[in-house]
1. How about region 151-172: which of its residues are part of a loop (DSSP other than H, G, I, E, B) and at pLDDT 90 or above?
2. Of the residues in region 116-139, how many are among the small types (Gly, Ala, Ser) and either in contact with a Cys (Cβ under 7 Å, 6 or more places away or on another chain) or modelled with pLDDT under 90 (or both)?
3. Say we look at region 69-83 and pick out the residues that are under 17 Å from Phe154 (Cα atoms) and among the hydroxyl-bearing types (Ser, Thr, Tyr); which of these is surrounded by the fewest Cβ atoms within 10 Å (Cβ to Cβ)?
4. In the list Leu85, Leu130, which residue meets the criterion of being within 28 Å of Ser24 (Cα to Cα), in a helix (DSSP H, G or I) and among the aliphatic types (A, V, I, L, M)?
5. Taking the conditions exactly as written (modelled with pLDDT under 95, within 24 Å of Ala17 (Cα to Cα) and either buried (at least 17 other Cβ atoms within 10 Å of the Cβ) or in contact with a helix residue (DSSP H, G or I) (Cβ under 9 Å, 6 or more places away or on another chain) (or both)), does Thr98 satisfy them or not?
6. Is it the case that region 105-120 has a residue that's in contact (Cβ under 8 Å) with a residue 24 or more places away in the chain, in contact with a helix residue (DSSP H, G or I) (Cβ under 8 Å, 6 or more places away or on another chain), under 17 Å from His155 (Cα atoms) and crowded, with 23+ Cβ neighbours inside 10 Å?
7. Cβ contacts < 6 Å: first residue on the phi < 0 side of the Ramachandran plot, restricted to region 127-141; second residue assigned to a loop (DSSP other than H, G, I, E, B), any location; separation 6+ or different chain. Result?
Amino acid sequence: MTEIVDRSALLDELLAASASVFGSDFRAYRNHCYRVLNFTLALAPSLEGTREKIEISAFFHDVGIWTDGTFDYVEPSAARARQYLEERQRREWSRDVTAMITRHHQITSARAQGALVNAFRRADWADVSLGVLRTGLPSGFADEVLRTFPNEGFHRRLIQLTLARVRRHPLRPLPMLRWS
């Protein structure tokens, strides 16, 4: 069985640096990031040298909701990740990290973008669906990750944001979804 990652110096550093931005949603977002990290690692165990990319993507993939105050957050989140990578002289990771962020709400397979991107997409779907869509995750592992990193109101916040978006933009309530 895959081992659960319950500590990541990089992810914790990114989260701590933005704790005030998340406010009362901090633990909810932190746990979501850790669930996505663990699910991605379980879905892509043979992809060597990708953990840091996954950690960075896990932090930035939804961050625009809070940093940019928008539910149309995919591009702002990707832009913040690119800036982060640029500042740390990791420009060569930009393609993979940006693809993980911009494709994480893709409904159809993202295999054409690579195994890492598709694993990250499947991991986020597993979490957003509260584990209903296991997307190939071992059942016992998924349950243990969900127990280790409880929801803490993350899905309640998503429902609140979705309802607010529907009222303002009824013809485009979920701008982050993409078919391909």
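1. Initial filter on region 151-172 (part of a loop (DSSP other than H, G, I, E, B)): 151-153, 169-172.
Result: Asn151, Glu152, Gly153.
2. Let us first name the residues in region 116-139 that are among the small types (Gly, Ala, Ser), namely 119, 123, 126, 129, 131, 136, 139.
Next cut, either in contact with a Cys (Cβ under 7 Å, 6 or more places away or on another chain) or modelled with pLDDT under 90 (or both) only: 129, 131, 136, 139.
Residues flagged as among the small types (Gly, Ala, Ser) and either in contact with a Cys (Cβ under 7 Å, 6 or more places away or on another chain) or modelled with pLDDT under 90 (or both) within region 116-139 amount to 4.
3. Ranking the qualifying residues of region 69-83, first place goes to Thr70.
4. Leu85
5. Details: modelled with pLDDT under 95: no; within 24 Å of Ala17 (Cα to Cα): yes; either buried (at least 17 other Cβ atoms within 10 Å of the Cβ) or in contact with a helix residue (DSSP H, G or I) (Cβ under 9 Å, 6 or more places away or on another chain) (or both): yes.
Answer is no for this residue.
6. no
7. Listed by first residue and then by second, the contacts come to Phe141/Met1; Phe141/Thr2.
The values are calculated or read from the model by the stated rules, or taken from the named source; none is laboratory data. For clarity, every value in this text was computed on a predicted model and none was experimentally measured. Here the Cβ is made from the backbone with ideal geometry for all residues, glycine too, and neighbour counts use every protein chain on show.
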